[in-house]
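**Student:** One structure coming up, written as C-alpha cells, with questions to follow.
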Amino acid sequence: MNLSKKILSWYDNNKRTLPWRISQNFRKKQYYRLLSEFMLQQTQVKTVIPYFNNFVKKIPSLKALSKSKEKKVLKLWEGLGYYSRAKNLHKTSRILINKHKGIIPENFAELKALPGIGDYTANVLLALIYNQPRVAIDGNVKRVLTRIVNPNSQDQDPINLFKTKRNGDLAEALMEFGSMICKPKEPKCNECKIKEACEYYNSEPKIKLKRKIKIQSKSYDIFCYLKRNKKQIALTKNNDLSFLKKFNLPKIKEASKKNKNWKFLCNYKNSISNKKLNINLYYKFSTRIPVQYNWYSLKKNNEFIPSFTKKIFKKVSYLYL
Ligand code: SF4
C-alpha cells in the first residue's frame, strides 16, 4: 500500500464531520469551501464551526453574499478577527458573480488574482473543488512532510511520495493527519499507519524539528476622550495599528511615560493572533475633540465593532457607574 492509500484509509475512518464537508451540489460546495477557507486562515477549526454555521444560515449562497452589505458581512464575522478576510471574501464574491458567472475559476492564476486568495488558498480550493493534484502546504502538512522525509536528505521530494486520484481528499487528509496524529509536540507515532516509512520515527536519535513561534509583545497607550454627561467616546479612523486599520479607535501610541494630562484607568493584556499587546488605558472628560475624531455612543451595539474596541468600551463604561 502506498503512502497516499494509507493516509486516505486513515482519513476515511477518522475524519471529522465538518459542516463544509457535507456533500452538496456544485454551487453550494464551492461556496462552502470558499467561505470555510477564508474563515480558516489564521483560525482553528473548532472556533470557525459556529461562525460558519451562522454565516450560511444568514447568507446561504455566493449570490446572496455578493448582494449583501459589507456591514452585514462584518457583523457576522464579529469576534473571528482579521476582518480584512471578511472584506476580501465579500469583494471576491462580487467579482465571481459579475465576471465568472458565479463559478470559482479552475485556473491558478485567475484564482490568485481574486482578493484574499494567496498561493495556499488557491491550491487548496483547486484540490478540493476540482480534484486537481495540488498539495496545499499549511503548518500541519509541512510538519508531516518534513518528518516523513529527513529534511537533510536531498534525494526525495516529499510531494512525489503521494500519488492518488483522490487529490481533494488527500489535501484534507494530510491536514487532518497533521492536526490529529502527527502533532507538533508528542506525535502519536504508535497509532500512525505510516510509521514504517517515516524518517523521524525510524531515526535514532529522533530528528528534532522544533518550530519556534515568535510572539511579539508590545506596549501601547490608549487615550480616550469621553463626554461627561453622555456615554460617548471619541474615535478616529486615523490610527496606526495595522491589524485594525480603517476601524474607529481612540488615540493609540506606543507606550511612553509622558502622559501627564491624562488620567490612568487601567492596564490589561490583549492577545491578537501572534501579537501580545500590553495596554495602558488613559481617559479625559472633554467636550472638545481634535479634528478627525467623532463622538460614538458606548451603548451602540447594533453595528460591527471589533472586539479590540469593545474591550475598551467595557472598561471606560465603569467610569459612568
Ligand atoms: S510516525 Fe510519528 S512522526 Fe512519523 S508521520 Fe507518523 S506520527 Fe508523524
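The values are calculated or read from the model by the stated rules, or taken from the named source; none is laboratory data. Just so you know, these numbers come straight off a predicted model, no measurement behind them. Here the Cβ is made from the backbone with ideal geometry for all residues, glycine too, and neighbour counts use every protein chain on show.
**Student:** Report yes if GLU191 is within 16 Å of the ligand (Cβ to nearest atom), modelled with pLDDT of 65 or more and touching a Lys or Arg at 6+ places or on another chain (Cβ under 8 Å), otherwise no.
**Tutor:** In short, no.
**Student:** For LYS101, are the conditions met, namely being of a type outside the set (Val, Ile, Thr), farther than 20 Å from THR43 by Cα and outside any loop (DSSP other than H, G, I, E, B)? Steps first, answer last, please.
**Tutor:** On the way: of a type outside the set (Val, Ile, Thr): yes; farther than 20 Å from THR43 by Cα: yes; outside any loop (DSSP other than H, G, I, E, B): no.
Spelling it out, it is not the case that LYS101 is of a type outside the set (Val, Ile, Thr), farther than 20 Å from THR43 by Cα and outside any loop (DSSP other than H, G, I, E, B).
**Student:** Could you list, in sequence order, all residues of the stretch 122-167 that are modelled with pLDDT of 85 or more, more than 18 Å from CYS192 (Cβ to Cβ) and either part of a loop (DSSP other than H, G, I, E, B) or over 21 Å from the mean Cα position of the chain (by Cα) (or both)?
**Tutor:** Of everything in the stretch 122-167, those that are modelled with pLDDT of 85 or more, more than 18 Å from CYS192 (Cβ to Cβ) and either part of a loop (DSSP other than H, G, I, E, B) or over 21 Å from the mean Cα position of the chain (by Cα) (or both) turn out to be TYR130, ASN131, GLN132, PRO133, THR164, LYS165, ARG166, ASN167.
**Student:** Counting only residues that are at pLDDT 85 or above and outside any helix (DSSP H, G or I), which one in the stretch 194-207 is nearest to the ligand (Cβ to nearest atom)?
**Tutor:** My answer is CYS198.
Every residue, every condition in (1) closer than 21 Å to PHE26 by Cα; (2) out of contact with any helix residue (DSSP H, G or I) (no Cβ under 7 Å at 6 or more places or on another chain); (3) of a type in the set (Val, Ile, Thr), yes or no:
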site: VAL45; (1), (2), (3): no, yes, yes
site: VAL48; (1), (2), (3): no, no, yes
site: GLY81; (1), (2), (3): no, yes, no
site: SER93; (1), (2), (3): yes, no, no
site: ALA109; (1), (2), (3): no, yes, no
site: ALA113; (1), (2), (3): no, yes, no
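**Student:** Run down HIS90, HIS100 and say which single residue is without any contact (Cβ under 8 Å) to a residue 40 or more places away in the chain, more than 25 Å from GLU176 (Cα to Cα) and within 20 Å of the chain's Cα centre (by Cα). Don't jump to the end; show me each part of the working.
**Tutor:** Working: HIS100 fails: within 20 Å of the chain's Cα centre (by Cα).
Exactly one of HIS90, HIS100 is without any contact (Cβ under 8 Å) to a residue 40 or more places away in the chain, more than 25 Å from GLU176 (Cα to Cα) and within 20 Å of the chain's Cα centre (by Cα), namely HIS90.
**Student:** Let me spell it out: the conditions are (1) in a helix (DSSP H, G or I); (2) over 20 Å from LEU111 (Cα atoms), and GLN30 meets all of them except one. Which number is the exception?
**Tutor:** (2)
**Student:** Let me ask you something else. Would the stretch 53-60 turn up any residue that is touching a Pro at 6+ places or on another chain (Cβ under 8 Å), among the hydrophobic types (A, V, I, L, M, F, W, C) and not assigned by TED's automatic domain parsing to the domain that holds LYS311?
**Tutor:** yes
**Student:** Read through the list (1) modelled with pLDDT of 80 or more; (2) more than 16 Å from the ligand (Cβ to nearest atom); (3) of a type outside the set (Phe, Trp, Tyr); (4) under 30 Å from ARG21 (Cα atoms), then give the number of the only condition that ILE252 fails.
**Tutor:** All conditions are met except number (4).
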